Structure formats: C-alpha cells, structure tokens
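Enquirer: I have a structure here, written as structure tokens, and I will follow up with some questions on it.
The values are calculated or read from the model by the stated rules, or taken from the named source; none is laboratory data. Not measured: the values here are computed from a predicted model. Here Cβ is always computed from backbone atoms with ideal geometry, including for glycine, and neighbour counts include all displayed protein chains.
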Amino acid sequence: MSKILEVRGLTRIHGRGCPLCIEATGPESDTNICPHCASVVAAHDVSFDLYRGEILGIIGESGSGKSTVVKTLYFDDAPTAGEAIFFDDGQQFNLFALNAARQRWLRNHRFGMVYQNPHLGLNFNVSAGGNIAERLLMSDVSHYGAIRARARELLARTEVLAARMDESPRKFSGGMQQRVQIAKALATRPPLLFLDEVTSGLDLSVQAAILDLILEIQHELGTAMIVVTHDLGVVRLLAGRTLVMKYGRVIESGLTDQILEDPQHAYSQRLVAAAL
Amino acid sequence: MDIILSVEGYAKHFLLHDRGKLIPSAANVNLTVRAGRLTALVGPTGAGKSSVLKGIYRTYLPSNGRLLYRDTHGRVIDLALASEHQVLELRRREVGFVTQFLHCLPRQGALDVVAAPLLTRGLDRDAARERAGALLARLAVPRRLWNVAPATFSGGEKQRVNLARGLIARPRLLLLDEPTASLDPDTTDRAVELLRELKQDGIGMLAIFHHPDLVERLADDVVQLSTPVAAGDLIEELV
C-alpha cells in the first residue's frame, strides 16, 4: 500500500492571530475563539496520512474544524501553516507551495469534492449533463460527443435518469443533486475525493443509497477518500480509520471500530455515548 | 511451528472519564492458537471472552500483554503494537472475525454481502458470487433470499449470512464470537461441518460458543477465563 497524501501540522486561523491564540484555544480551553485577539482557530496542528484507495473519516461536532481540513486541501481556503504532500504517478506535490495555476490544475484533474450544499458543487444555471461537461472541459476533454457520452455514463453510474440529463439540477431532489455532484466529482477519475457531510439533511433511505454508491465507487475505482461527517453511522459504514476533532484539534485517531467501541479520550467517549 | 497466535498476559480495562472509573474486562489471559486447530474460550459472563477476541482484532486497544501473530511469511507481529494500516491489511488478508451481528449495507443482497470479502481480495464478481452461493446453499439459506437484503431476514438467517461472509475468504486466523447462537439444531450441524472442514484446511480458530456441547464437538484446546477483579475492589479488600 502506498501513501497518497501526507498532511503535517495543518493550521487555519481566521483573524490576525496573536502569540496566545494556540495556548488559549482547543478542547481544554473549551473554545476555538482566542480570548485575547478574537481570532478563530479553526484547525491547529492536524496531521495524518492517507493511503491509496483508503477511506478516512473525520468526525466532530459543528465548529470542530473538520470541514476546514478538506477545504484547505481542496484549495477552497488557504491554511495559515502546515504542509500537505500529494503523491501522484511517481510525482510529489507540495500542495500549499504550488502557484495558483498548478493548484487549479490539481483541483480540476486529480481531486474531486462533494459538498453538503449542492449549490457549492453544482452550477444550477446549466443542465446536469452540462455540469459534468464543465468539469471535463476544464480537464481538457473537448470533443462534444465524447463529453456527452461520458456524462451519460457517469449519470447512469450514479443512478440519475438519463432522461433528466438535460434538466437543471435545480429541479432535482436533494438525493439526486448529491448524485449529480458525485458524478461531476468523478468525471476526471480522480484518485482523491473529498466528501463534506454529503448525506446530512437527506432522508434515511436516500442516505443509505448514497453511502452504498460511495462504497461501490471506492471498490470499482480504488479512489482514496476523506469523509467529513458528524454522523457516526457514516464512518462506521465507510471509513477504515477515523480522526475525532474538537475545537480545531485532532483529539483521537484510530481504527473506526476501535474509535466507536473503545474510545480513549473523554470527549470521544461522550460523543459515542451520545450517539448510541 | 504451527502456532499462529500466542497471547501472553493480555489484559483489557476501560477508563471511563466521565464516571472516573476503571472497569476491568479481561486480565492475565494466556493462550495459543495453532494452524488447523480450534481453541475455545470458556468462562462465565463478564470473564472477558469477547474482550479477548476484540483485543486481537484491535477493535479494543489492549491494555497489557503481547498478542504475537505469525503471518503467512513467518513474520511475527505484536498485534497490540501493530500500526493501524498493518491491522487493516491483516484484516483484509489473514484475520477474520465472525460476530453474532451482521453489519452491512442496507440495500445489498445476501449474495453480494457474502461475496464482498472476496472482492476486496481481488476476485472478480461472478466467481465471488458463485462461491457465495455455494456457501449459502450449504448453510441452507433458501435461494429465493439470495438477492434480498439481509436487513429483512430472521435472526437465524442473518446469522447464517454473517457466518458465510466470515468464512468465505478463508482467513488464516478466524475469530468466532458465538457464531451459531441463534441457529436451529440442523443448521448448527451444518455449521459444525463447515468449521471442521476449515480446520482440515489448516485454518486456526479462536472461538466462543454459547453451548458447551459445541466446545466438545469442535475444540482442540480449551482456555478457561475467570472474571477479573476491579482494582478499586482489591484496594477496598486490603483496607
């Protein structure tokens, strides 16, 4: 098994920051807002490795910093400090040291993202098929017939009716919008996929179908994934390993079944006890 | 040597932060599992039988002791210290766990649920489903249920699916936690037959059975566990 991503000391502070920020925030201080300068320490010193084809879960409540981690890795947000190395085809990319054009290239070709809010991942002014076409165009596929065929194939794979390919996803149900987002994210067959609360707010039966789809895809394509969720059931089904975050810090990491059945940290114990 | 697992001085206790309590679950467990043999764990409820299996599978982080596993290549790994990726790799290739309960995806049919471990090992779908079908037939799961999701099955049917899923990949070391607890006598006989075959094929097993009769029928070694005493109680006794 080989490493696809190595994250070290990832930190994101919103605000000007001060020398006391780190010391005055975190699980022990019970806040992520610095009392001295009012900066928000969204994430601090997050480190982990991700292997090819592996699914890593990140759990925690709102404001724990779990989304911040994937947003910085997908270049939606810039970190304050830290390093992330992406290993791809024998090459290494030091993600945060790349220029904007290289970052955009990786984002369009080698990464995929599925957001909780479909408005962030989809363009509602074009059709479902058009959304996928957009992403293929950005990754240099330009033949009209080829784009259309690939879009049809992807939508079929994610179980969106081909007959609705030319409709705007605006008219779709929440579950269908997520399927289109997943199809769009997979368009370039990325080796690394970020999933940010993708099943939150969906009906239970729709949730189950989406989770099934994600696992099938991981099986077929061997895509490595980082799954951010507050739902312990989601990591139980999807993730081999899990990080637990609180107030911007990773407080515990381990095999998912161990985190759920034998959590070590007081906060993880409370989180698991509350869910069962 | 044919020893594939030797557990030396395993202990597990839970530290419950909110209640400020240390709960002992298993203490000073010693055992070996040999290739082609079945070691049965016996003892009263609360003696930590499941806790031993979960420690070996690393669902629990062992509190003490060494869990020495000898892999296919003859390397010895202390499971208590192995990295998460090492453990995941062993689970994929060598160590299987059958519990009383089935955790699977809601809309997958029984055949796919059983075939899944073979897919992770790289077998193609048709071949995997064929072997899954053969195993379900041996455990007398009616063919009409094969493409139905096990969520709707009876307890006994679910357990048969679970057992089939655990056995199909023929791991080198198989951990069994009451795998036949809700089976009728006839299906239990079929399961016993299967487990005997696995033994003949050289698979080593560590098992907990709900019924002493099964220990008699299947076990080559028996390890007796006794309920661990809480440190707090010990101190009180001393005082």
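Enquirer: Restricting to segment B:55-78, what's the tally of residues that are in contact with a helix residue (DSSP H, G or I) (Cβ under 6 Å, 6 or more places away or on another chain) and under 22 Å from B:R170 (Cα atoms)?
Expert: Total satisfying the criteria: 3.
Enquirer: If a residue has to be in a loop (DSSP other than H, G, I, E, B) and crowded, with 24+ Cβ neighbours inside 10 Å to count, how many in segment B:45-59 make the cut? Show your work before the answer.
Expert: Step one: list which residues in segment B:45-59 are in a loop (DSSP other than H, G, I, E, B), which gives B:45-48, B:58-59.
From what's left, crowded, with 24+ Cβ neighbours inside 10 Å: B:48, B:58.
Residues meeting the conditions: 2.
Enquirer: I would also like to ask the following. For segment A:25-46, give me the residue count where each residue is in contact with a strand residue (DSSP E or B) (Cβ under 8 Å, 6 or more places away or on another chain) and either hydrophobic (A, V, I, L, M, F, W, C) or exposed (fewer than 15 other Cβ atoms within 10 Å of the Cβ) (or both).
Expert: Qualifying residue count for the region: 7.
Enquirer: Considering only segment A:50-62, I want to know if a residue exists there that is within 14 Å of chain B (Cβ to nearest Cβ), farther than 25 Å from A:A275 by Cβ and among the basic types (K, R).
Expert: yes
Enquirer: For segment B:2-20, which positions are touching a residue at least 24 places away in the same chain (Cβ under 8 Å) and out of contact with any Pro (no Cβ under 9 Å at 6 or more places or on another chain)?
Expert: B:D2, B:I3, B:I4, B:L5, B:S6, B:V7, B:E8, B:G9
Enquirer: Moving to a separate point now. Within segment B:116-133, is even one residue part of a loop (DSSP other than H, G, I, E, B) and touching a strand residue (DSSP E or B) at 6+ places or on another chain (Cβ under 8 Å)?
Expert: Scanning segment B:116-133, I find no residue that is part of a loop (DSSP other than H, G, I, E, B) and touching a strand residue (DSSP E or B) at 6+ places or on another chain (Cβ under 8 Å), so the answer is no.
Enquirer: Confirm whether A:L120 is over 21 Å from the mean Cα position of the chain (by Cα) and more than 19 Å from A:L211 (Cβ to Cβ).
Expert: No; evaluated as a whole, the condition is false for this residue.
Enquirer: State whether one or more residues within segment A:249-272 are touching a Lys or Arg at 6+ places or on another chain (Cβ under 6 Å), hydrophobic (A, V, I, L, M, F, W, C) and more than 11 Å from chain B (Cβ to nearest Cβ).
Expert: no
Enquirer: For A:R179, are the conditions met, namely being surrounded by fewer than 22 Cβ atoms within 10 Å (Cβ to Cβ) and touching a residue at least 12 places away in the same chain (Cβ under 8 Å)?
Expert: Judged against the criteria, A:R179 is not a match.
Enquirer: Considering only residues that are in a loop (DSSP other than H, G, I, E, B) and under 17 Å from the mean Cα position of the chain (by Cα), which ones fall in segment B:30-44? Give the derivation first.
Expert: Step one: list which residues in segment B:30-44 are in a loop (DSSP other than H, G, I, E, B), which gives B:35-37, B:43-44.
B:A35, B:G36, B:R37, B:G43, listed by residue number.
Enquirer: In addition: At pLDDT 95 or above, farther than 27 Å from A:W105 by Cα and touching a helix residue (DSSP H, G or I) at 6+ places or on another chain (Cβ under 7 Å): which single residue out of A:I226, A:I251 fits that description?
Expert: A:I251 is the lone residue from the list that is at pLDDT 95 or above, farther than 27 Å from A:W105 by Cα and touching a helix residue (DSSP H, G or I) at 6+ places or on another chain (Cβ under 7 Å).
Enquirer: Also, quick follow-up: Can you find a residue that is farther than 15 Å from A:I251 by Cα and among the hydroxyl-bearing types (S, T, Y) anywhere in segment A:32-41?
Expert: Checked segment A:32-41: at least one residue is farther than 15 Å from A:I251 by Cα and among the hydroxyl-bearing types (S, T, Y).
Let's see how each residue does on (1) touching a Ser or Thr at 6+ places or on another chain (Cβ under 9 Å); (2) closer than 28 Å to A:A266 by Cβ:
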residue	(1), (2)
B:P24	yes, yes
B:G36	no, no
B:A47	yes, yes
B:P62	no, yes
B:R70	yes, no
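Enquirer: If you go through segment A:4-42 one residue at a time, how many are in a strand (DSSP E or B), free of Cβ contacts under 8 Å to residues at least 60 places away in the same chain and closer than 30 Å to A:F93 by Cβ?
Expert: Residues flagged as in a strand (DSSP E or B), free of Cβ contacts under 8 Å to residues at least 60 places away in the same chain and closer than 30 Å to A:F93 by Cβ within segment A:4-42 amount to 2.
Enquirer: Further question: Which one is surrounded by the most Cβ atoms within 10 Å (Cβ to Cβ) among residues in segment A:59-117 that are under 15 Å from the mean Cα position of the chain (by Cα) and among the β-branched types (V, I, T)?
Expert: Out of the qualifying residues, it is A:V69.
Enquirer: Could you please tell me which pairs satisfy a Cβ distance under 6 Å, a separation of 6+ or placement on different chains, a first residue in segment A:69-83 that is at positive phi, and a second residue that is surrounded by fewer than 21 Cβ atoms within 10 Å (Cβ to Cβ) and assigned to a helix (DSSP H, G or I)?
Expert: Going by the 6 Å Cβ cut-off, the qualifying pairs are A:F75/A:Q103; A:F75/A:R107.
Enquirer: Would a scan of segment B:31-54 turn up a residue that is within 14 Å of another protein chain (Cβ to nearest Cβ), modelled with pLDDT of 95 or more and in contact with a helix residue (DSSP H, G or I) (Cβ under 9 Å, 6 or more places away or on another chain)?
Expert: Within segment B:31-54, one or more residues are within 14 Å of another protein chain (Cβ to nearest Cβ), modelled with pLDDT of 95 or more and in contact with a helix residue (DSSP H, G or I) (Cβ under 9 Å, 6 or more places away or on another chain).
Enquirer: While we're here: Among the residues of segment B:56-108, how many are under 19 Å from the mean Cα position of the chain (by Cα) and either within 14 Å of chain A (Cβ to nearest Cβ) or under 28 Å from B:L15 (Cα atoms) (or both)?
Expert: Number satisfying all stated conditions: 35.
Enquirer: Can you give me the ranges of the helices (runs of 4 or more DSSP H) entirely in segment A:140-243 with at least 2 residues that are away from chain B (no Cβ under 14 Å)?
Expert: Qualifying helices (runs of 4 or more DSSP H): A:144-157, A:174-186.
Enquirer: Tell me whether segment B:63-80 contains one or more residues that are of a type in the set (V, I, T) and crowded, with 19+ Cβ neighbours inside 10 Å.
Expert: Within segment B:63-80, none of the residues are of a type in the set (V, I, T) and crowded, with 19+ Cβ neighbours inside 10 Å.
Enquirer: In this structure, is B:L175 in contact (Cβ under 8 Å) with a residue 24 or more places away in the chain, crowded, with 22+ Cβ neighbours inside 10 Å and touching a Phe, Trp or Tyr at 6+ places or on another chain (Cβ under 6 Å)?
Expert: Yes.
Enquirer: Another question, then. Looking only at segment A:22-38, how many residues end up being on the phi > 0 side of the Ramachandran plot and of a type outside the set (A, V, I, L, M, F, W, C)?
Expert: Step one: filter segment A:22-38 for residues on the phi > 0 side of the Ramachandran plot, giving A:26, A:30, A:38.
From what's left, of a type outside the set (A, V, I, L, M, F, W, C): A:26, A:30.
Residues that pass the stated criteria total 2.
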